[in-house]
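Just below is one structure, and these are the notes that go with it.
The values are calculated or read from the model by the stated rules, or taken from the named source; none is laboratory data. Everything numeric here is computed off the predicted structure, so don't read it as measured data. Using ideal geometry, Cβ is built from the backbone for each residue, glycine included, and neighbour counts are taken over all protein chains shown. Ligands, DNA and RNA are stripped out before the accessible areas are found, and what is left, the full protein with its side chains, is counted by its heavy atoms. Shrake-Rupley method; radii C 1.70, N 1.55, O 1.52, S 1.80 Å.
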Amino acid sequence: FVAQPRQALAEMWRVSRHGVVLGLLNRHSLLYRQKRGSGSYAGARWDSWEDARRWIGALDPTPVVVKHRTAIFLPAGGRMARVAEQLLPGELPWGGFLALYLGK
C-alpha cells in the first residue's frame, strides 16, 4: 500500500538479484466491489494488472519473465468458494488478490 508504487517497484527491481514478487489488491474484483472503503480495507490501495503493466514497462532492464495470477474469486470464503478457487484458473483477471513475478 505504498503511495508511489512505480518508484517502489523500480527500487525493488534495482536491488534484487533474481527477481521480484509483488502482491496487489485487484481493483477488478468482487472483493473490491464488496470491501472497498470499509473495515480493514478502508485505507487499502486497489490496483489492476493494467497499472502493474505500466510500472513494469518503466523498469530498466526490462524483466525477462513476467507472470501474473489472481486468487480469491469469491470472497465469502464458504465451502462453495473454496471449491470454486480450486476449479477457476489463476489466469482469470477477476481475483481479489493479484500476484506478479518479475524475473531477471
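In table form, for the structure just shown:
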quantity	calculated
Calculated [θ] (222 nm, deg cm²/dmol) that DSSP helices of n ≥ 4 give over the chain, each run adding -39,500 (n - 2.57)	-9500 deg cm²/dmol
Globularity index of the chain, i.e. its alpha-carbon radius of gyration over 2.2 N^0.38 Å	1.14
Percent carbon-and-sulfur accessible area, the chain, ignoring ligands, DNA and RNA, probe 1.4 Å	56
Net charge of Cβ neighbours under 15 Å - reference HIS18; Lys, Arg +1; Asp, Glu -1	+4
Integer Hz, Karplus 6.51/-1.76/1.60 couplings in order for the stretch 66-75, x for Gly and Pro	9, 10, 9, 9, 10, 8, 6, 7, 10, x
Charge context of LEU100, other residues only, Cβ under 12 angstrom, K/R +1, D/E -1	+1
Solvent exposure of the chain as accessible area per residue, Å², 1.4 Å probe	65
Highest to lowest packing among 92-100, 18-26, 1-9, scored as the average C-beta count within 10 Å	92-100, 18-26, 1-9
Whole-number percent relative contact order across the chain, with pairs defined as alpha carbons under 8 Å at least 6 apart	39
Ordering of 27-36, 71-80 by burial proxy (mean other Cβ atoms within 10 Å per residue, highest first)	27-36, 71-80
